[in-house]
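Worksheet: one structure, shown below.
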């Protein structure tokens, strides 16, 4: 019996990896949408409210303290402005953590990677699938504020503007007392 060696498979390119992630994400959205939709307005089986569930999930994704910060999702004519600020602007640690997180999220969002919001809010979150698949048509700008940081989402696509508005409204609702309404 002779053995033949096969050449090692080539590592996937960054584009192939992104395309693969998008396919997996789309499949996860489709497969999980019914279950997530059922959970979206309900607390968990242990009696948590939706806001408690989101805060618990958020603690595993967001490095800053939700009880010491505030989220704002401000609809604009061409998209959305997301601000995360420290409730005490002199709290340098919270400001640093906010900036690190939003810098990282901006990089991921630009590639269509919305896994963090999905982990916090569920895959059936309004607007999420459209933002992931339409990422190339959304311009995302990161800016620092004295009390935290902000992301500005802009697009000329009215469908994506609507998705951004839905996504921001869902986040504001889900974050409860941790967001300005």
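In the list 166, 129, which residue meets the criterion of being touching a residue at least 40 places away in the same chain (Cβ under 8 Å) and touching a helix residue (DSSP H, G or I) at 6+ places or on another chain (Cβ under 7 Å)?
It is 129.
Considering 69, 103, the condition of being modelled with pLDDT of 90 or more, more than 13 Å from residue 164 (Cα to Cα) and surrounded by fewer than 17 Cβ atoms within 10 Å (Cβ to Cβ) is satisfied by 103 alone. Quick check on residue 120: is it buried (at least 19 other Cβ atoms within 10 Å of the Cβ) and without any contact (Cβ under 8 Å) to a residue 60 or more places away in the chain? Criteria not met by residue 120.
Select from region 147-161 the residues that are out of contact with any helix residue (DSSP H, G or I) (no Cβ under 8 Å at 6 or more places or on another chain) and not in a strand (DSSP E or B) and write down the one among them that is surrounded by the fewest Cβ atoms within 10 Å (Cβ to Cβ). Out of the qualifying residues, it is 158. Could you check, for region 117-127, whether at least one of its residues is within 13 Å of residue 160 (Cα to Cα) and within 14 Å of the chain's Cα centre (by Cα)? Checked region 117-127: at least one residue is within 13 Å of residue 160 (Cα to Cα) and within 14 Å of the chain's Cα centre (by Cα). Of the residues making up region 131-172, those that are at pLDDT below 95 and farther than 14 Å from residue 82 by Cβ number 0. Scanning region 80-98 for residues that are touching a residue at least 40 places away in the same chain (Cβ under 8 Å) and surrounded by fewer than 18 Cβ atoms within 10 Å (Cβ to Cβ) yields a count of 1.
The values are calculated or read from the model by the stated rules, or taken from the named source; none is laboratory data. If you're wondering where the values come from, they're calculated on a predicted model, not measured in any experiment. For neighbour counting, all protein chains shown are included, and Cβ atoms are generated from backbone atoms with ideal geometry for every residue, glycine included.
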